[in-house]
Amino acid sequence: MIRQGGGYRATAKNTKYLKMYKQGKSIGFTMRSSLKAKGLIPRANGTYKVSEKYRTRGNGTKRRRRV
């Protein structure tokens, strides 16, 4: 079962760019994509989905990517 929503706390850098985004200022494509992946701004379909990379497990550790 995959937990929907939450799982990521914004860092100082993220909150800085999130504030700029909400003010309508340019933050660049990469940062905008990063905020979408972290679920801080809506995706194109309007959802606030946190990507697999930024979801946390129940014990608070980040999920590792398989290589």
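The values are calculated or read from the model by the stated rules, or taken from the named source; none is laboratory data. Nothing here was measured: the structure is a model prediction, and the numbers come from that model. Neighbour counts run over all protein chains shown; Cβ positions are idealised from the backbone, glycine included.
Here are a few things to note about the model shown:
- Looking across the range 1-45, just one residue is at positive phi, under 14 Å from the mean Cα position of the chain (by Cα) and modelled with pLDDT of 90 or more, and that is Gly39.
- Pairing each residue of the range 8-25 that is closer than 11 Å to Lys38 by Cβ with any residue that is aliphatic (A, V, I, L, M) and outside any loop (DSSP other than H, G, I, E, B), provided the two are 6+ apart or on different chains, yields C-beta distances under 7 Å for Ala10/Leu18; Asn14/Leu35; Tyr17/Met31; Tyr17/Leu35; Leu18/Leu35.
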